[in-house]
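Step one of this worksheet: look at the structure below.
The values are calculated or read from the model by the stated rules, or taken from the named source; none is laboratory data. If you're wondering where the values come from, they're calculated on a predicted model, not measured in any experiment. Cβ placement follows ideal geometry from the backbone for every residue including glycine, while neighbour counts extend to all protein chains displayed. Remember, those area values only see protein heavy atoms, side chains included, never the ligands or the DNA or RNA. Shrake-Rupley method; radii C 1.70, N 1.55, O 1.52, S 1.80 Å.
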Amino acid sequence: MAKAREIPEIATARTFLEAASYAVEARTDEVFSHREGVLDTSDIEKVHDMRVASRRLRAVLEMFEPCFPRREHRRALREVKSLADALGERRDRDVAVGLLDRIGGELTDDDGPGISGLAAHLRTQQQAANDGLARALATTEVSGLKTRLLALAADARARGRAVAKRREEKAQAQAEKRERKAEAREQKAHAEAERLEEEARAIREREGVAA
Amino acid sequence: MKARKVKGLDLERPVAENAEKILSLRLDELYSFAPAAVDPSQPQALHDMRIAAKRLRYILELTQPCFGEVGEHGATTAKGLQSLLGEIHDCDEMLPTVLEQIERLRAEDAAAVRDSAGLHAEDVDVAAVRTAPNRTSYRGLEALAAYLRARRDVLYGRFLEEWARLSDERFREGLEAGLAEAAAEARDGGDGEARANGARTNGRGAAATGVGAATGG
């Protein structure tokens, strides 16, 4: 099973919004990176990998839901769920057929007819599920699901960066204001010190004259 | 099992702070199924727990750069739990399929034996049993059903042991403490270098200090 791609930008993102963009982008790329050969029933790992990737994508869409425009998000999530369901239907049959093949290998010939009969039944279901998966994949292509997900990510990133920039500018303005106040306090203190020094000098001179 | 919505997320704050709230809720969901999951008469609870473990795992995997070893350990544990529950689920799905197949074959056989007797038969001769087309098919299927029941029992026993172990090791408490520590660091303003390098601490329950806070605001 393909391991989840680590997304180091998640830790360095300045806002939840920005992190959402990196997460959705990475998980979207992962899902569609498994597209090639997924309808080949002789290699069931491709469906498994794509299914797990679609679950991870669904998880980030749910986690970062507040970061996206509601309507676009709901539509994208619904389509990801449909794709995940179609992948699941195929995967469940793959697992069942695989188990029957292994069981059949362990039993005697006398035990065979029942197992092979069920396997044939499940292979028919597997093919039907594969046809369903083909339709689901075609739907995502027609609807431009990948493009829309990446657009959601790009939009969140732009908004996240704008928020971070505003915050940094505000922090800088506050820092500059504090610095100006500190300078003004220092100047005032310096002026007061000079005034006191001048007064002290005047007093000393008057005392010197009196003496 | 629909995921509960997380309240109080601040989109302008770093991931670690918000992720702590999300993960806390997902942990809560996972543990909410525990009392029913350890009751053998409630298989649906195991299914719900598997979904909850899956959600927890995927978020811990995603936020691992924020939470370091604590998050990594949490993700590995959630993955193990999800996998085990998944194997139990496969048995729970497969067994009814096998039993339905057996029932289908019985129905076909009964129909064939009945038909062999003729439309106006008053009885069915025992020899008609030879006309049952699936009479040699039951053995393998019954063996398969027995295998699935046995496997399910063994896997469920493993789940009970694993769940007890996690309880003894205070997995939930350790993970929550580690996440809270990392989130607090993010709120208070972590060291920028530590954030970039993903600084880690040892042991469960200790914080990963790989999180930096956004400045100001």
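Numbers below:
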{"item": "Residue-averaged beta-carbon neighbours from other chains (10 angstrom radius) around B:97-104", "result": "3"}
{"item": "Within the accessible area of chain A (1.4 Å probe), percent carbon and sulfur", "result": "50 percent"}
{"item": "Accessible-area ranking of A:Thr147, B:Thr63, largest first, probe 1.4 Å", "result": "A:Thr147, B:Thr63"}
{"item": "Å² per residue, accessible surface of segment B:1-119 at 1.4 Å", "result": "42 Å²"}
{"item": "Rounded to 10°, Cα long-axis angle of helix A:70-106 versus longest principal axis of chain A", "result": "40 degrees"}
{"item": "Radius of gyration and maximum dimension Dmax of chain A, Cα, Å", "result": "34.1, 134"}
{"item": "Label-to-label distance, nm, for residues given as B:Glu100 and B:Thr76 (7 Å Cα→Cβ offset)", "result": "4.0 nm"}
{"item": "Carbon + sulfur, % of accessible area of segment B:25-101 - ligands and nucleic acids excluded, 1.4 Å", "result": "53 percent"}
{"item": "Rounded FRET efficiency, nearest 0.05, which uses the C-beta distance separating A:Ala182 from B:Asp188 and R0 of 35 Å", "result": "0.90"}
{"item": "Neighbouring partner chain Cβ atoms per residue of A:78-88, average, 10 Å criterion", "result": "0"}
{"item": "Candidate lysines - alpha carbon under 20 Å from A:Lys177, same-chain residues fewer than 8 apart omitted", "result": "A:Lys165, A:Lys188"}
{"item": "Over segment B:1-61: Rg over Rh, Cα atoms, Kirkwood Rh", "result": "1.07"}
{"item": "Radius of gyration and maximum dimension Dmax of segment A:159-211, Cα, Å", "result": "22.9, 78"}
{"item": "Two-site label geometry, A:Ala128 and B:Ala146: point separation in nm, points 7 Å out along Cα→Cβ", "result": "3.1 nm"}
{"item": "Expected 222 nm ellipticity per residue - DSSP helices of 4 or more, -39500 (n - 2.57), all of chain A, to 500", "result": "-30000 deg cm²/dmol"}
{"item": "Residue mean of other protein chain beta carbons inside 10 Å, B:15-21", "result": "5"}
{"item": "Degrees between helix B:64-117 axis and first principal axis of chain B (Cα, 0 to 90, nearest 10)", "result": "10 degrees"}
{"item": "Area accessible to solvent at A:Lys170, 1.4 Å probe radius, in Å²", "result": "120 Å²"}
{"item": "Protection proxy ranking of A:72-82, B:139-149 - average other beta-carbon atoms within 10 Å, highest first", "result": "B:139-149, A:72-82"}
{"item": "Chain B, helix-only ellipticity at 222 nm - DSSP H runs n ≥ 4, -39,500 (n - 2.57), divided by all residues, nearest 500", "result": "-24000 deg cm²/dmol"}
{"item": "Whole-percent pair-distance distribution, where bins are 10 Å wide, for the alpha carbons of chain B", "result": "8, 25, 21, 15, 11, 8, 6, 4, 2, 0"}
{"item": "Summed buried accessible surface, chains B and A, 1.4 Å probe, nearest 100 Å²", "result": "3700 Å²"}
{"item": "Close Lys-Lys pairs in chain B, where close means Cα under 13 Å and separation is 8 or more or interchain", "result": "4"}
{"item": "Relative packing of peptides A:104-116, B:14-26 - highest average C-beta neighbours within 10 Å first", "result": "B:14-26, A:104-116"}
{"item": "Principal-axis tilt of helix A:16-33 within chain A, Cα atoms, nearest 10 degrees", "result": "30 degrees"}
